[in-house]
């Protein structure tokens with residue numbers, strides 16, 4: 001691999017030095033009790049890389065040495081004057097004395113080595129660690145679908161992902177007192193969010209995890225680490241899947257409720273339509289009954305009384321009288337027009353009694369209404385109340401096939417009446 005390649009790759013894809021240093025602080029509760037127990041003993045970081053963990057332990061006054069075979073990565077450690085060696089970390093571990101270290105760590109190393117080398121690392125760490133000593137193994141979490149299918153394969157030096165159940169089984173198998181899996185770097189917001197989507201399930205599980213194993217020790221030593229080992233950290237794929245499934249169930253429940261309400265509404269609409277049809281049938285039966293027809297004058301009278309109460313007698317009396325008397329007046333006009341002798345007698349009587357002008361005005365209004373609204377249904381004659389014998393008038397619409405407007409007809413009627421009045425006066 002080209003010199004400096006892996007250093008540049010780590011800087012781009014793993015994260016900045018400050019970011020990684022902040023992340024590894026999660027392991028301090030497992031290490032700080034060892035400082036009090038073994039103040040003069042040191043630790044070993046296999047594959048120390050840029051030295052973020054070494055720097056953090058140095059700040060907490062815990063002596064540690066880092067081993068890495070990449071000179072480009074160690075350059076960053078030398079810049080900070082950290083205690084490092086160039087070489088193979090597992091070989092270095094194999095040369096150490098029994099029970100000579102308090103803590104051994106390997107961050108993102110196990111995915112780079114064979115399973116046989118991993119077994120050797122776990123066994124040798126157990127030999128080298130002091131009583132109650134801590135082994136930390138951090139690696140990408142294949143439980144995260146995005147990590148397992150994509151991000152893990154970005155690193156060309158990765159061999160294969162290791163499931164957390166397999167990595168935690170190794171220390172158990174080789175005789176460590178207890179192990180714990182902690183999951184890391186997840187989105188904290190997802191822990192408290194209930195409505196998650198499918199993308200959250202795919203890439204929301206903790207992208208990294210670590211197995212922390214402790215060598216056998218007496219009860220007094222182990223009790224100092226109980227709080228750290230009892231603390232649950234991280235977000236699993238099963239938790240996210242359960243939240244997503246719960247959300248789907250809620251959506252399905254709401255959909256079923258909405259469907260039920262829609263069916264109920266449809267049923268009510270059908271019932272309402274049936275009732276409306278029944279009411280229409282009953283109304284049709286009522287409107288066609290003899291009693292409805294017989295009581296029509298009573299209903300009309302009741303309605304008129306109601307209008308009188310609402311609007312007053314002075315407002316309603318005139319249209320009421322007009323509605324009642326107009327049909328009779330029209331029939332009387334038709335009756336008189338069909339009998340010339342009767343028209344002449346009525347004209348003579350009206351002159352003697354002095355109401356000829358008033359009677360002629362009423363006649364004219366009725367005649368005008370009939371012409372404009374009845375399309376000349378009746379054969380009206382403007383000279384009906386005069387002594388002059390009838391002759392075809394020019395205002396009749398059928399005269400010589402001529403079509404006249406209503407205004408023209410009224411003008412001719414007034415002209416005819418004026419001529420008739422002059423003739424009567426002369427006589």
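Rule-based calculations on the coordinates, nothing more; no lab input. Remember, it's a predicted structure, so these values are computed and weren't measured experimentally. Positions of Cβ are backbone-derived with ideal geometry, glycine not excepted, and every protein chain shown enters the neighbour counts.
Taking 0.36 nm per residue of sequence separation and subtracting the Cα-Cα distance, how much length would be gained by fully extending the chain between residue 278 and residue 357, in nm to one decimal?
22.5 nm
If R₀ is 51 angstrom, what is the calculated FRET efficiency for the pair residue 127 and residue 258, using the beta carbon separation as r and rounding to 0.05?
Efficiency, rounded to the nearest 0.05: 0.20.
Taking neighbour Cβ counts within 10 Å as the exposure measure, how do 35, 75 sort from fewest upward?
75, 35
At 0.36 nm per residue, minus the direct Cα-Cα distance, what do residue 334 and residue 16 gain on full extension? Give it in nm, one decimal, please.
The residue 334-residue 16 span can extend by a further 103.3 nm.
Starting from the 7 Å offset along Cα-to-Cβ, what nm value, one decimal, do you get for the label separation of residue 69 and residue 154?
About 2.5 nm separates the two model spin labels.
Dividing the Cα radius of gyration by the Kirkwood radius, what Rg/Rh value follows for segment 249-297?
Rg/Rh: 1.49.
Using packing as a proxy for protection, rank 355-363, 25-33 so that the peptide with the highest average count of other Cβ atoms within 10 Å comes first.
25-33, 355-363
Quick one: grab Rg to one decimal and Dmax as a whole number for segment 6-114, Cα atoms only, in Å.
Computed over the Cα atoms of segment 6-114, radius of gyration and Dmax are 13.5, 39 Å.
How far apart, in nanometres, would the label points at residue 341 and residue 117 be if each is projected 7 angstrom from Cα along the Cα-to-Cβ direction?
14.3 nm
Let me know the shape class of segment 79-142, please: from the alpha-carbon gyration tensor, a ≥ b ≥ c as square roots of the eigenvalues, rounded when a/c is under 1.5, otherwise prolate if a/b is greater than b/c, or oblate.
rounded
Sorted from largest down, give the three principal axis spans of the alpha carbons of segment 5-235, whole angstrom values.
50, 42, 34
Based on the mean of other Cβ atoms within 10 Å per residue, sort peptides 240-249, 185-194, 211-220 so the most packed one is first.
So the order, starting with the most tightly packed, is 211-220, 240-249, 185-194.
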